[in-house]
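Notes to accompany the following structure.
Where a number appears in this text, it was derived from the coordinates with a stated rule and is not lab data. Quantities reported herein were computed from a predicted structural model and do not represent experimental measurements. Here Cβ is always computed from backbone atoms with ideal geometry, including for glycine, and neighbour counts include all displayed protein chains.
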């Protein structure tokens with residue numbers, strides 16, 4: 001796949017629109033965007049599981065209200081914490097930095113749990129900015145259980161406002 005053309009501005013995309021897209025369309029979107037800057041601050045999360053099917057929206061709504069609310073990025077400490085449960089309690093830390101995507105061997109923002117979490121050390125997330133303030137993420141399972149690595153699901157992160165890092 002060719003690197004993205006920086007002169008072509010992407011159409012604005014909202015996280016809920018990603019739920020209606022197919023897996024292959026989401027992968028193409030991810031592949032056609034640059035990594036973007038490492039985000040900072042709080043982002044609302046949307047789990048994108050079984051995209052393009054009638055189950056995508058109800059699953060995102062239920063899991064978003066009860067399990068995973070999003071992430072809080074802290075550039076000063078180079079990490080993030082997930083916002084969990086109905087209250088968005090900050091937990092499960094990941095180290096954040098530049099990385100290379102397992103999907104296409106191009107730059108991405110890497111969210112590495114293996115160096116910071118006993119609970120989620122088997123997870124590796126990759127994100128790229130697909131629209132201003134909206135990042136598309138890939139969650140990989142890592143280890144023997146997954147045959148080395150396996151793409152488990154996709155997710156979106158929506159930042160209410162953009163601020164310079």
Q: With a point put 7 Å past each Cα toward its Cβ, work out how far residue 160 is from residue 87 in nm, to one decimal.
A: 1.9 nm
Q: Against the globular-protein guess of 2.2 N^0.38 Å, express the Cα radius of gyration of segment 15-153 as a ratio, rounded to two decimals.
A: 0.99
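Express in nm, to one decimal, how much length is gained between residue 100 and residue 146 on full extension, taking 0.36 nm for each residue of separation and deducting their alpha carbon distance. Don't skip to the end; give the middle numbers.
Details: separation 46, 0.36 × 46 = 16.56 nm, distance 1.96 nm.
Residue separation times 0.36 nm, minus the Cα-Cα distance, leaves 14.6 nm.
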Q) Once every DSSP H run of n ≥ 4 in the chain is given -39500 (n - 2.57) and the sum is divided by its residues, what mean residue ellipticity at 222 nm do you get, rounded to the nearest 500 deg cm²/dmol? A) -4000 deg cm²/dmol
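For a protection proxy built on the mean count of beta-carbon atoms within 10 angstrom, sort 43-54, 121-132, 58-69 highest first, please. Let's see the in-between values first.
Values: 43-54: 19.0, 121-132: 20.8, 58-69: 15.4.
Highest-to-lowest ranking by the protection proxy: 121-132, 43-54, 58-69.
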